[in-house]
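The values are calculated or read from the model by the stated rules, or taken from the named source; none is laboratory data. Note that this is a predicted model, so its numbers are computed, not measured. As a convention, Cβ positions derive from the backbone with ideal geometry for all residues, glycine included, and neighbour counts pool all protein chains shown. Ligands, DNA and RNA are excluded from the accessible area calculation, which covers all protein heavy atoms including side chains. Shrake-Rupley method; radii C 1.70, N 1.55, O 1.52, S 1.80 Å.
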Amino acid sequence: MNEHELLKDIKLGVATASLQIEGGDRNNSWYDWCEAGKIPNGDHCIIANDHWNRAAQDIELMKDLHLDTYRMSLEWSRIEPREGQFDQSAIQHYRTELLALKAAGIEPLVTLHHFSNPTWFESDGAWMDAKCIDRFLKFVEIAVLNFGDIVTEWTTINEPNVYLFMGYVDGDFPPGVKGDIRAFLKGAKHMSIAHCKAYELIHSRVKEKFNLTPRVGAAVHVRVFDAFRNTLLERLACHLYYRLFQEIFLDAMIAGKSSRFLGLGSSIRPGRYSDFIGINYYSRDILKGKWDPANLFAERLLQDNAKTNDLKWEIYPEGLGRLIRKYYEQFGLPIYITENGTADASDAFRQEYIKSHLEQILSCKAQQIPVERYYYWTLMDNFEWMEGYDARFGLIAHQVESQSRKIRESGKYYATVCRDRRL
Ligand code: BGC
């Protein structure tokens, strides 16, 4: 197959998350985090892109980009503002948005948890309390019964590894705990079990109620970890980083497999719990060996002379190809690139970033690896968690004050790729 045929054979889209674009919701953990002044430059997620009121306008922009598909998330705190109370008007709002997408010829991929928690859930232990699994499943069931006729593709949990690392090890996300590896592992266990059970629940409810067969997976943040000098200590560090940061999650959420670090207990048996391998890929880390068990025997560095983005993340497209091959070989399922993108306020290198990452995908496809979706992160500049509004990942430039939206040159490039299927 040539480039054109390979590109025809993949659905192209963009990804967003509700908390980062909707604005206006006060019932979630990130609202409280912003209120507590935790975003370094004082930015606040209550504003964001006002997408809650501008969904129709944003879908028009998606049409201009010629997208096949759109990955979005449902804000749990809007649908279940208090435990057990479900807000019909929020449900109706999302139905309207989803139907408008379908009418525009854009297939939704819906994420059920993307970093933010309802306040009632956060204040009662969030993902540390064993009740979290049943609580999440109750919400999943309501979502599936209300949207399962429109949505046939789901991601249960976005980047459980980043959510837990940032919230319990790094401390930059709520609840702001630092250095608690045990909490990281406890959350990993709960989120993995919640994913596996949600996988089964979504399949069974959608079949019963709508006689449809959905596709369900998770979206795990995967990185490349390379050794600085290839010493024994560095090889050990790379192994530990791969295992602990991402592979315990992939094993559990795709194959129901426990590991030395993560006892899933008796509630999940090994089996199949994903219909695709959902990969969010951005960058790599170079690990320099250091006798420091607390940091898994390494410090994380940038490659010498690395090309970097505005956040000083290395731009390393080959890493995407390496990880696709590695995880396809391991799990043998279709691959969805559920996120890939870069912060580039001046729009100087985003086009090349997209092109070089899509080239990696095409080379994998040419080797018969079924990469079936690609979602650029993200549609428009948004509330980038602890970076506030400074990090600009958008195909569309967005100004918070004026709420203006303008497609960037790189956005026009991506629109052409989506329309013409040529890089
Ligand atoms: C997250 C997004 C985030 C993006 C860029 C991913 O880790 O899923 O929500 O905005 O990275 O930082």
Prolate/oblate/rounded call for the stretch 24-71, Cα gyration tensor, a/c under 1.5 rounded: prolate
Highest-MSF residue in the chain out of 407, 79, 181 [GNM, Cα springs under 10 Å]: 181
Square roots of 5 times each gyration tensor eigenvalue, C-alpha, the stretch 98-255, largest first, Å: 31, 19, 14
Loop-resident sites, the stretch 30-92, for GluC sites (Glu not before Pro), counting at most 14 other Cβ within 10 Å (DSSP): 83
Charge-dipole axis of the chain as Lys and Arg at +1 and Asp and Glu at -1 on Cβ define it, positive-most pick from 85, 158, 194: 194
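State whether the stretch 261-335 is rounded, prolate or oblate according to the following rule on the C-alpha gyration tensor (a ≥ b ≥ c being the square roots of its eigenvalues): a/c under 1.5 gives rounded; otherwise a/b larger than b/c gives prolate, and the remaining case gives oblate.
Note, shape of the stretch 261-335 comes out oblate.
Rounded to a whole number of µm²/s, how large is the Stokes-Einstein D of the stretch 225-368 at 37 °C and 0.692 mPa s, given Rh as the Kirkwood radius over C-alpha pairs?
On the way: Rh = 16.8 Å.
Reported coefficient: 195 µm²/s.
At R0 = 30 Å, how high is the FRET efficiency between residue 131 and residue 300 if r is their beta carbon distance? Nearest 0.05 is fine.
That gives a FRET efficiency of 0.30.
Scan the chain and hand back the longest stretch that contains none of the trypsin sites (Lys or Arg not before Pro) lying in DSSP loops with at most 15 other Cβ atoms within 10 Å. Provide the component values of the computation, followed by the final result.
Working: sites that count: 26, 131, 178, 229, 260, 272, 290, 307, 312, 422.
Segment 313-421 is the longest.
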Net +/- balance of residues flanking residue 28 in space, Cβ distance below 9 Å, scoring K and R +1, D and E -1: -2
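How large is the dipole of the stretch 34-169 about the Cα centre if only Lys and Arg carry +1 and Asp and Glu carry -1, each at its Cβ, rounded to the nearest 20 debye?
On the way: 11 positive and 21 negative charges, 17 e Å.
For the stretch 34-169, the charge dipole is close to 80 debye.
Just need the Rg to Rh number for the stretch 294-423, please, alpha carbons only, Kirkwood Rh.
1.00
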Base-10 log of normalised Debye intensity for the stretch 382-423 (one unit scatterer per alpha-carbon) at q = 0.33 Å⁻¹: -1.07
Per residue solvent-accessible surface (Å²) - the chain, probe of 1.4 Å: 38 Å²
For the stretch 283-423, share of DSSP beta bridges that run antiparallel, in % to the nearest 5: 65 percent
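Which percent, nearest 5, of DSSP beta bridges in the chain are antiparallel?
Antiparallel bridges: around 25 percent, rounded to the nearest 5.
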Kirkwood hydrodynamic radius (C-alpha pairs) into Stokes-Einstein, the stretch 166-218, 37 °C and 0.692 mPa s, D in µm²/s: 255 µm²/s
D (Stokes-Einstein, µm²/s), Kirkwood Cα radius, the chain, 0.692 mPa s at 37 °C: 152 µm²/s
Estimated [θ] at 222 nm from DSSP helical runs (n ≥ 4, -39500 (n - 2.57)) normalised by residues in the chain, nearest 500: -12000 deg cm²/dmol
Gain on full stretching of the segment that runs from residue 38 to residue 229 - 0.36 nm per residue minus C-alpha separation: 65.0 nm
Fluctuation leader among 149, 172, 251 - the chain, Gaussian network, Cα springs under 10 angstrom: 149
Amide proton proximity set for residue 221, modelled H, under 5 Å, gap of 5+: 159, 161, 162, 280
Size of electric dipole in the stretch 164-223: Cβ of Lys, Arg +1 and of Asp, Glu -1, about Cα centre, debye, nearest 20: 220 debye
Euclidean distance between Cα centres, the stretch 141-173 to the stretch 187-257, Å: 12 Å
Helix runs (DSSP H) in the chain reaching 18 Å along axis by Cα, Kyte-Doolittle at least 0.5: 132-147
Among 146, 230, 52 - extreme Cα towards positive end, dipole of the chain, charges at beta-carbon: 230
Principal axis dimensions, largest first and in whole angstrom, of the stretch 69-141 by Cα: 41, 22, 17
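Report the FRET efficiency, 1/(1 + (r/R0)^6), for residue 290 and residue 95, where r is their Cβ-Cβ distance and R0 is 45 Å, rounded to 0.05.
Numbers: r = 52 Å, r/R0 = 1.16.
The calculated FRET efficiency here is 0.30.
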Amide proton proximity set for residue 371, modelled H, under 5 Å, gap of 5+: 335
Whole-percent carbon and sulfur share, accessible surface of the chain, 1.4 Å: 49 percent
Listed residue (101, 74, 185) projecting farthest to the positive dipole end of the chain, Cβ model: 185
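In debye, nearest 20, what is the charge dipole magnitude of the stretch 355-407 about its Cα centre with +1 on Lys and Arg Cβ and -1 on Asp and Glu Cβ, if you could check?
Using only the charged Cβ atoms, the result is roughly 300 debye.
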Isotropically averaged projected area of the stretch 220-298, using the convex hull of Cα atoms (one quarter of hull area), nm²: 5.8 nm²
